[in-house]
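Enquirer: I have a structure I would like to understand better, so I am pasting it below and will then ask my questions one at a time.
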Amino acid sequence: MGEKQYSRSQVANTSGKNPKSFFNEDDFELMSVDELWNLYQKAEAILAKKIATELDELKRRLAQLDTEVRSGPRINRRDSERHSKRRPYPKVLPKYQNPMQPSETWSGRGKMPRWLATQLSSGKKIDSFRIK
């Protein structure tokens, strides 16, 4: 049985296309077992080469990422000097004080302390806890 011959231009035009658009199911059914086996071996060899190439590329990229992680991120020296020191903030004095425990104070920043939240939920005004 003679093999159906395809030109290189026909094969090149099928890259990325569905194989059904290139081969008819009848083509496979008309092929002998030997022809199908040869086609299978060729496809397997091509896939093995492509997988090996892709694996090499992934290993190369992984090695590149590994060296970047070990050496640290690439930072401009001026940027690192500019951001290395945190701006000093002035100490914030407390504005509110717990009358039951005078050592418990709150500056009015951040999360409200529990003692103040319970007092406010019981109906008291926040101004009654203000330090004068």
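The values are calculated or read from the model by the stated rules, or taken from the named source; none is laboratory data. The model shown is predicted, which means the values in this text are computed figures rather than measured ones. Ideal geometry is used to build each Cβ from the backbone, glycine not excepted, and the neighbour counts take in all protein chains shown.
Enquirer: Could we say that S15 is modelled with pLDDT under 90, part of a loop (DSSP other than H, G, I, E, B) and within 33 Å of the chain's Cα centre (by Cα) here?
Expert: It is true that S15 is modelled with pLDDT under 90, part of a loop (DSSP other than H, G, I, E, B) and within 33 Å of the chain's Cα centre (by Cα).
Enquirer: I would also like to ask the following. If you check P90 against the conditions, is it at pLDDT 80 or above and under 15 Å from F129 (Cβ atoms)?
Expert: Details: at pLDDT 80 or above: yes; under 15 Å from F129 (Cβ atoms): no.
Judged against the criteria, P90 is not a match.
Enquirer: Only residues in region 98-127 that are of a type in the set (S, T, Y) count as the first member; pair them with residues that are not in a strand (DSSP E or B), Cβ under 7 angstrom, at least 6 apart or cross-chain, and list the lot.
Expert: The qualifying pairs are T105/P94; S107/V92; S107/L93; S107/P94; S107/K95.
Enquirer: Out of all the residues in region 72-86, is one or more exposed (fewer than 10 other Cβ atoms within 10 Å of the Cβ), more than 30 Å from S128 (Cα to Cα) and modelled with pLDDT of 80 or more?
Expert: To start, the set of residues in region 72-86 that are exposed (fewer than 10 other Cβ atoms within 10 Å of the Cβ) comprises 72-74, 76-79, 82-86.
Okay, now just the ones that are also more than 30 Å from S128 (Cα to Cα), so 72-74, 76-79, 82-86.
From what's left, modelled with pLDDT of 80 or more: none.
Looking through region 72-86, none of the residues is exposed (fewer than 10 other Cβ atoms within 10 Å of the Cβ), more than 30 Å from S128 (Cα to Cα) and modelled with pLDDT of 80 or more.
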